[in-house]
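K.L.:
Handing you a structure now.
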Amino acid sequence: MIYSQLRGIGHALPGNPVSNEVLAGRLAELGIETSDQWIRERTGITQRYLADPTTTTSMLAAEAGREALAHAGLAASDIDLVIVATSTPDIIFPSTACLVQKRLGIHQGPAFDIQAVCSGFLYALATADLYIRAGKATNALVVGAEVFSRLLDWRDRSTCVLFGDGAGAVVLRAESQPGILAHRLEARGEFENILRAAGGVHGGAIQGHPFLTMEGQAVFKMAVESLESSARQVLAEAGIAPEDLGLLIPHQANMRILQMTAKRLGIPMERVVVAVDRHANTSAASVPLAMHLAHQEGRLLPGQTLLLQGVGGGFTWGSLALRLAPDFA
Ligand SMILES: CC(C)(COP(=O)(O)OP(=O)(O)OC[C@H]1O[C@@H](n2cnc3c(N)ncnc32)[C@H](O)[C@@H]1OP(=O)(O)O)[C@@H](O)C(=O)NCCC(=O)NCCS
């Protein structure tokens, strides 16, 4: 049997962190009132990274990808599949994955983007796993990357304080031991209206509303419900009892969603990776950025089981269980 083994992790965060206080000051200049206290209490966010106007998604993705390749001990010539999850591509086409392929000097295999908003990294990772298990790829680079700040309406305080920019990447390698144990992706298009950026390009002009809009409470409720049911299904499929799980690494949207999901699953917060306080919601980048943080903090251990979870616009969600290799470092 062929399995996908996690062999490398990388990250990229643009510039310096922007604290809630600094952001509140900038918004005050636009006549928008918010505070560190409101943001902290409702979301757990204390800061975010915001890309400057010259930084693109493919730049962040390539930086994260380069670090993941180095961690895996692989060269660009070893990679035969590139998938980038993003909702903020550099340009309409070619795909961000093709631009990353070019930036990293990868000259073989397919490269394509996946668009599933904040579930994008889970969709990309599950897809790469299917490629590897089908014998169609040996070393896959899977990236979640966003400059989500470009989609924000800075006059809408109910959304603009929640998001940030960044990229996270992993390398999956075909090996004889798992690796990825189980995954499940879901979408319910009938809820497309609760979280969207409903603008498009038509005849050289933007048509519709090109900024993110959200029904916060509807998203909150669906996120908690879908994360719990999806976790239960995938853990059962992987043969892992929630109390035996090594680490839960969920999408980082809101501290209260993380706490509620963990509580429903009976998983103590010490076994949940929290990065939303530092990164805010970086959409498709949030799960690999949280994995990178856990790795930096020495929390990813050989043989450990992980449950990764994504949830977001579409409405989409997904979970993936994996076991780190006995020689993972
Ligand atoms: C967005 C979210 C934090 C809002 O929290 P909430 O408790 O639902 O707050 P509400 O939207 O009911 O707003 C409460 C009040 O705060 C105000 N408010 C909203 N944003 C604010 C801000 N940045 N600063 C200060 N006040 C704010 C509202 O205007 C409202 O005031 P009112 O009572 O006078 O009308 C919460 O709904 C949430 O986290 N939802 C999920 C979001 C998410 O995870 N999205 C991404 C999924 S991938």
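K.L.:
Quick one: how many residues across segment 1-25 are in contact (Cβ under 8 Å) with a residue 12 or more places away in the chain and over 18 Å from the mean Cα position of the chain (by Cα)?
P.N.:
Residues that pass the stated criteria total 14.
K.L.:
On to the next question. Taking the conditions exactly as written (farther than 21 Å from residue 282 by Cβ and small (Gly, Ala, Ser)), does residue 111 satisfy them or not?
P.N.:
Yes.
K.L.:
When only residues in segment 32-50 that are among the β-branched types (Val, Ile, Thr) and within 10 Å of the ligand (Cβ to nearest atom) count, which is surrounded by the most Cβ atoms within 10 Å (Cβ to Cβ)?
P.N.:
Taking the candidates together, the pick is 45.
K.L.:
Let me ask you something else. Which residues, counting only those in segment 146-175, are more than 16 Å from the ligand (Cβ to nearest atom) and of a type in the set (A, V, I, L, M)?
P.N.:
Hits for segment 146-175 are 147, 167, 169, 170, 171, 172, 174.
K.L.:
With surrounded by 20 or more Cβ atoms within 10 Å (Cβ to Cβ), within 30 Å of residue 301 (Cα to Cα) and away from the ligand (no atom under 16 Å from the Cβ) as the only criterion, which of 99, 60 stands out?
P.N.:
60
K.L.:
Considering only segment 121-140, I want to know if a residue exists there that is surrounded by fewer than 22 Cβ atoms within 10 Å (Cβ to Cβ), within 22 Å of residue 279 (Cβ to Cβ) and at pLDDT 95 or above.
P.N.:
Checked against the condition, which is being surrounded by fewer than 22 Cβ atoms within 10 Å (Cβ to Cβ), within 22 Å of residue 279 (Cβ to Cβ) and at pLDDT 95 or above, segment 121-140 yields no hits at all.
K.L.:
Going through segment 274-329 one residue at a time, which ones are within 17 Å of residue 256 (Cβ to Cβ), surrounded by fewer than 22 Cβ atoms within 10 Å (Cβ to Cβ) and of a type in the set (Val, Ile, Thr)?
P.N.:
Hit for segment 274-329 is 274, nothing else.
K.L.:
Would you please list the contacts, defined by Cβ atoms under 6 Å and residues six or more apart or on different chains, that run from a residue in segment 34-55 that is closer than 15 Å to residue 257 by Cβ to a residue that is outside any helix (DSSP H, G or I) and polar (S, T, N, Q)?
P.N.:
43/254
The values are calculated or read from the model by the stated rules, or taken from the named source; none is laboratory data. These figures come from a predicted structure and were not determined experimentally. Positions of Cβ are generated from backbone atoms using ideal geometry, with glycine treated the same way; all protein chains shown enter the neighbour counts.
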